[in-house]
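Notes follow the structure.
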Amino acid sequence: MEKIGKIDIKYLAENFGTPLYVYDYDIIKNNYQRLKSAFDKYYPKNTIHYSVKANSNLNILKVFKDLDCGADCSSPFELFLADKAGFDKNKILYTGNYESIEDLKVAANFNVKINIDDINSFKRLIKIKHPEIISFRINPGIGRGGFEGIVTAGSDAKFGVPYEQAFEAYKLALDSGVKRFGIHMMTGSNNLEPYYFAEVVDKLLTIAGNIFTKLKIAPEYIDIGGGFGIPYDDDEEELNIEETARLVSEVLIEKSKKYHFDEPELKMEPGRYLIGNAGYLISKVTGIKNSYKRFIGIDAGMNVLIRPALYGARHRIKIYGKNDRKNFYYVCGQICENSDIMASHIYLPEVEEGDLAIILDVGAYGFSMSSNYNNRLRPAEILIKDEKAHLIRARETYEDILRLMNLD
Ligand SMILES: Cc1ncc(COP(=O)(O)O)c(C=O)c1O
């Protein structure tokens, strides 16, 4: 692998240093347009809210805003960032969990639609401000993700109102004077199977249909969360988004008829699908060790990309200028944890110190999950647009970190 967009990776490493996150604008735009046009074809009354937590660089947010996308925020500062990037308030959602009074105050003051995680959170909210519209995040009792760590519904999940309590939640909201309603779920991330989306949307709509009919209310919107997956390996197939849109829309239309709802707006909150494959992490090989295993050390460890160490996520790795795959390696970072493994059992070319190792599909949950562990500095970020490399976040400095420490 030699280039990202039309820019040479060696040029990027030499000019901006490593480790370095690089995002390709054209890929982001394509991802958005593919998703949007698939759903527009089958269910035009839809809004995509980019999940800010996936990658919250202001310049990235601005890219989505300019594509006419909405935003979904999970914390007060994400709301602040979405606002600063210029998103219309009408297109911003707030979806937190275990929301504090302070979080709810900020969300209420921003006057955005809230997908609330719990009945008690709703009780806290109405003490602050009575919402015009409310949507509860429902745990429909089933969840699925690319692997266990990213399943966010079902009996082991900390999220949402269990569906058995959903009636009580909406009744409480109705009795408190709320007149407009949505319903939300987010059951897991990195799903590659269209039928799963149809199955879980069917489940949510059945829950909504039963409750809303009894309470004589109707959903203004159905928010199905994110979760659209991307392949992280050569042998994985892409999610058929056209088929996903068709199946989800079929269920929505059928269930809206069955329960006599006017067709609700369909909201989605994708993160990974929109930006995952647009991101690359350029790192430098710092050392090769022939130990009990053959290790390649790189300057991008779990501090820069935690997904493999956190929950065993897999990422492909390429070596600049070398394309064969004849050696068997373990790739690790420089962090003092034995879980700081970027890839295990991976075939790569013969690697030398100073080589550039490029980790693929890191646009989502890459930088946004990075840390200063071992007092390593956070990397810079580049956006490639119009065949130019734009520095969209400077590399952190010692001064940046020292600024927040007091020494009396
Ligand atoms: C509430 C909510 N919405 C959307 C997303 C985005 O998920 P994905 O990146 O899988 O699309 C997440 C991710 O954790 C989430 O928690």
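The values are calculated or read from the model by the stated rules, or taken from the named source; none is laboratory data. Everything numeric in this text was worked out from a predicted model, so none of it was measured. Here Cβ is always computed from backbone atoms with ideal geometry, including for glycine, and neighbour counts include all displayed protein chains. Areas reflect the complete protein model, heavy atoms only, side chains present, ligands, DNA and RNA absent. Shrake-Rupley method; radii C 1.70, N 1.55, O 1.52, S 1.80 Å.
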Query - Proximal lysines relative to K326, as straight alpha-carbon distance under 16 Å, when same-chain residues fewer than 8 apart are discounted - result: K293, K318
Report task. Name the long-range amide H neighbours of H390: under 5 Å, sequence gap of 5 or more, or other chain; modelled H, no Pro or chain starts. Result -> L383, I384, K385
Report summary line: Rounded to the nearest 10 Å², the accessible area of E237 using a 1.4 Å probe with every protein chain kept is 150
Query raised in the report: Cα axis of helix 25-42 to longest principal axis of the chain: angle in degrees, 0 to 90, nearest 10?
Result: 30
**Report entry** Alpha carbon Rg of the stretch 322-408, scaled by the compact-globule rule 2.2 N^0.38 Å
**Finding:** 1.39
**Report entry** Segment L377-T213, extension gain: residue separation times 0.36 nm, minus the distance between their alpha carbons
**Finding:** 53.6 nm
Query raised in the report: Counting only protein chains, not ligands or nucleic acids, how are Y98, Y373, Y25 ordered by accessible area (probe 1.4 Å), most first?
Result: Y98, Y373, Y25
Query raised in the report: For the residue pair E238 and S176, what label-to-label distance in nm results when each label sits 7 Å from Cα along the Cα-to-beta-carbon direction?
Result: 4.4
Requested in this report: Only helical DSSP H runs with n ≥ 4 go in: add -39500 (n - 2.57) per run for the chain, normalise by residue count and round the 222 nm mean residue ellipticity to 500 deg cm²/dmol.
Outcome: -9500 deg cm²/dmol
Query raised in the report: N90 label point, 7 Å along Cα→Cβ, cut-off 20 Å on backbone N: hits in the stretch 226-268?
Result: 262-268
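Using 0.36 nm per residue of separation minus the Cα-Cα distance, give me the extension gain between S37 and K289 in nm, one decimal.
Answer, rounded to one decimal: 85.8 nm.
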Requested in this report: Return the long-range amide H neighbours of K3 (sequence gap of 5 or more, or a different chain), with a cut-off of under 5 Å between placed amide H atoms.
Outcome: I9
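If you keep only loop residues by DSSP, which chymotrypsin sites (Phe, Trp or Tyr not before Pro) in the stretch 138-220 have at most 14 other Cβ atoms within 10 Å of their Cβ?
Listed in order of number, the matching sites are F147.
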Report summary line: With x for Gly and Pro, the residue-by-residue ³J(HN,Hα) of the stretch 306-311, computed from phi through the Karplus equation 6.51 cos²θ - 1.76 cosθ + 1.60 at θ = phi - 60° and given in whole Hz, is 8, 3, x, 6, 6, 9
Report summary line: Shape call for the stretch 43-148, from the Cα gyration tensor axes a ≥ b ≥ c (a/c under 1.5 means rounded, otherwise prolate when a/b beats b/c, else oblate), comes out oblate
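Could you work out the local net charge near I142, counting Lys and Arg as +1, Asp and Glu as -1, over the other residues with Cβ closer than 9 Å to its Cβ?
Values: positive: R144, K203; negative: E199.
Combined, the nearby Lys, Arg, Asp and Glu give +1.
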Query raised in the report: Near K216, which lysines are there with a Cα under 19 Å away, not counting those fewer than 8 places off in the same chain?
Result: K171, K179, K255, K257, K258
Query raised in the report: How large are Rg and Dmax for the chain when only the alpha carbon atoms are used, in Å?
Result: 22.3, 69
Requested in this report: Any chance you could look up the accessible area of E238 with a 1.4 Å probe, heavy atoms only, rounded to 10 Å²?
Outcome: 130
**Report entry** Those aspartates and glutamates that a straight Cα-Cα span of less than 16 Å connects to K129, excepting residues fewer than 8 apart in one chain
**Finding:** E99, E102, D103, D175
Query - Accessible area per residue in Å² at 1.4 Å probe, computed on the stretch 43-270 - result: 42
Report summary line: Helix 241-258: inclination vs the chain longest Cα principal axis, degrees, rounded to 10, gives 10
Query raised in the report: Between I317, I92, I128, which gets the highest mean-square fluctuation from a Gaussian network model of the chain, Cα cutoff 10 Å?
Result: I128
Report summary line: Surrounding charge for K214, neighbours by C-beta under 12 angstrom, Lys/Arg +1, Asp/Glu -1, total +1
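Just want to confirm a number: the relative contact order over the stretch 283-408, from Cα pairs under 8 angstrom separated by 6+ residues, in percent.
25
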Query - Exposure rank, largest accessible area first [M405, M1; 1.4 Å] - result: M405, M1
Query raised in the report: Considering the chain as a Gaussian network with a 10 Å cut-off on Cα pairs, which listed residue, S344, S100, S135, attains the greatest mean-square fluctuation?
Result: S100
Report summary line: Largest fluctuation, S256, S291, S176 only, Gaussian network model of the chain with Cα springs under 10 angstrom, belongs to S291
Query raised in the report: How far is helix 101-110 tilted off the main Cα axis of the chain, in degrees rounded to 10, range 0 to 90?
Result: 80
Requested in this report: Please list, in chain and number order, the residues 5+ apart from R144 or on another chain whose amide H is under 5 Å from its amide H, with Hs placed from the backbone.
Outcome: T152, A153, G188
